[in-house]
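To keep things clear, I will list the structure first and then write my remarks on it.
The values are calculated or read from the model by the stated rules, or taken from the named source; none is laboratory data. Only a predicted model underlies this, so the values are computations on that prediction, with no experimental measurement involved. Ideal geometry is used to build each Cβ from the backbone, glycine not excepted, and the neighbour counts take in all protein chains shown. SASA here: full protein model, heavy atoms, side chains in, ligands and nucleic acids out. Shrake-Rupley method; radii C 1.70, N 1.55, O 1.52, S 1.80 Å.
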Amino acid sequence: MKSTMPWLTAGLAGLLLGMGLLLSGMANPAKVVGFLDITGFWDPSLALVMGGGLLVASLGFALLRQRRRTLLGEPLNLPTNRTINGRLVGGSVLFGMGWGMTGICPGPGLVLLGAGLDAGLVYVLALLVGMALYSLIERMRHPYH
Amino acid sequence: MSIDWQTFNGATAIAALLGGGMIGAAAVWLAWANGRIAGISGIIGHMVDLVVQRKHEAFGWRVAFLVGLLASPLVWRWFAPLPEVHEQSGLIGLLIGGVLVGLGTRYANGCTSGHGICGLSRFSLRSLVAVLSFMGSAMVTVYVLRHLLGGVV
């Protein structure tokens, strides 16, 4: 029981996130590119998705701040990294290029794969290649880790 | 700029707000229950890291999270037909774009979920810099591909 609970709660989180992406229209690349295309016919939906998400999440995270333990009794450690550097900005710029090209970020990519679309499969495979490339580069740079 | 009233109307606006709320709730739930940040690129990337660097560590809860995400369209289909999907790129675009997203999100330590929802809602300046960088870069990319090059990808 103790080992299956974290799987159950994490599975539920993934499911809820996927349903939110589907309901909000963000699993549809055309809606995402419609938001990013600010000089064309603009679709503000993504801003509302962010607004709804940030409203709920900022309230929720504020309530979690006082807690030291999770529901399952594990230590609750949220990220503390504050570094702003070239890796952060350069990586984000690369991510934005790929996002703008496809209209798909990692979450919706998995939803499209789950829906059985070829585009989802191709995108996720390419995503894994990009991430493996990062892991390989980092392994070569820091061989003793 | 003019608003695209074909795709943006009262119904889709409410769906966007509610769907966004669900995404936020999912992020808070994973932090509350598992003590983890719901950053998709971090979750997949960590698993890729373990494989590439041959570390003997279990994927654990990450697998369950991804299974839930992958299963969401199947569960959705029990209740309603899946929403329309219009692809914006061909095979080459998906391949190049996917690799760029994989590489970029790993260097930036996060994507739209991790930096966008979790980071911004925790008032992280680092996440704000990331979000402005990828939003700006994505908008420029769409402008160049759609309006300067006439939709090549």
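What does the C-alpha gyration tensor say about the overall shape of the stretch A:5-141? Classify as rounded when a/c is under 1.5, otherwise prolate if a/b is larger than b/c, or oblate. The partial results should precede the final answer.
On the way: a/c = 1.45, a/b = 1.21, b/c = 1.20.
Note, shape of the stretch A:5-141 comes out rounded.
Have a look at B:A138, A:G114, A:M5 and report the one farthest towards the positive end of the charge dipole of the protein assembly as shown, computed about the Cα centre with Cβ charges (Lys/Arg +1, Asp/Glu -1).
Ranked along the dipole, the leading option is A:M5.
What is the extension gain from B:L128 to B:H147, computed as 0.36 nm multiplied by their sequence separation minus the C-alpha to C-alpha distance, in nm to one decimal? All intermediate terms of the calculation are to be shown ahead of the outcome.
Details: separation 19, 0.36 × 19 = 6.84 nm, distance 2.75 nm.
Working it through step by step, the gained length comes to 4.1 nm.
Answer rounded, prolate or oblate for the stretch B:1-86, using the Cα gyration tensor with square roots of eigenvalues a ≥ b ≥ c: rounded when a/c is under 1.5, else prolate when a/b is larger than b/c, else oblate.
Prolate, since a/c reaches 1.5 and a/b exceeds b/c.
Measuring from a point 7 Å past the Cα of A:M5 along Cα-to-C-beta, which residues in the stretch A:41-82 have an amide N at less than 13 Å?
A:69-75
Treating only the Cβ atoms of Lys and Arg (+1) and Asp and Glu (-1) as charged, compute the dipole magnitude of the protein assembly as shown about its Cα centre; round to the nearest 20 debye.
Values: 19 positive and 10 negative charges, 243 e Å.
Dipole about the Cα centre, nearest 20: 1160 debye.
Could you size up the charge dipole of chain A around its Cα centre, putting +1 on the beta carbon of Lys and Arg and -1 on that of Asp and Glu, and report it in debye to the nearest 20? The partial results should precede the final answer.
Details: 10 positive and 5 negative charges, 154 e Å.
For this selection, approximately 740 debye.
How would you classify the stretch B:88-153 from its alpha-carbon gyration tensor, with a ≥ b ≥ c the square roots of the eigenvalues: rounded for a/c under 1.5, else prolate if a/b is greater than b/c, otherwise oblate? List each step's numbers first, then the result.
On the way: a/c = 3.14, a/b = 1.85, b/c = 1.69.
Taking the square roots of the gyration eigenvalues as a ≥ b ≥ c, the stretch B:88-153 is prolate.
Suppose R0 equals 45 Å; then what is the FRET efficiency for B:L18 and B:R54 from their Cβ-Cβ distance, rounded to the nearest 0.05? Before the final figure, lay out the partial values.
Numbers: r = 43 Å, r/R0 = 0.96.
Efficiency, from the Cβ-Cβ distance: 0.55.
Assuming a viscosity of 0.692 mPa s and a temperature of 37 °C, what translational diffusion coefficient in µm² per second does Stokes-Einstein assign to chain B, Rh being the Kirkwood radius over Cα pairs? Numbers along the way, then the final one.
Details: Rh = 18.0 Å.
D, rounded to a whole number, is 182 µm²/s.
A:W42's amide H: which non-local residues (gap 5+, or another chain) put their own amide H closer than 5 Å, with H modeled 1.01 Å from N in plane and none for Pro or chain starts?
Amide H neighbours of A:W42, under 5 Å, 5+ apart: B:S2, B:I3, B:D4.
First obtain the Kirkwood hydrodynamic radius of the protein assembly as shown from its Cα pairs, then insert it into the Stokes-Einstein equation at 4 °C and 1.567 mPa s, and state the resulting D in µm² per second as a whole number. Provide the component values of the computation, followed by the final result.
Working: Rh = 18.9 Å.
This corresponds to a translational diffusion coefficient of 68 µm²/s.
Got a number for the accessible area of B:E87? Probe 1.4 Å, square angstrom, nearest 10.
Its heavy atoms expose roughly 100 Å² to the probe.
Which of B:V51, B:V75, B:V99 moves most in a GNM of chain B, Cα contacts under 10 Å?
The residue with the greatest mean-square fluctuation here is B:V75.
Got a sec? What order do A:S3, B:S2 fall in by accessible area at 1.4 Å, biggest, i.e. largest, first?
Ranked list, largest accessible area first: A:S3, B:S2.
Enumerate the helices in chain A for which the Kyte-Doolittle hydropathy averages 1.0 or more and the C-alpha atoms extend at least 30 Å along the helix's axis, using complete DSSP H runs.
Working: long enough: A:118-141 (35 Å, 1.20).
Qualifying helices, which must be both long enough and hydrophobic enough, are A:118-141.
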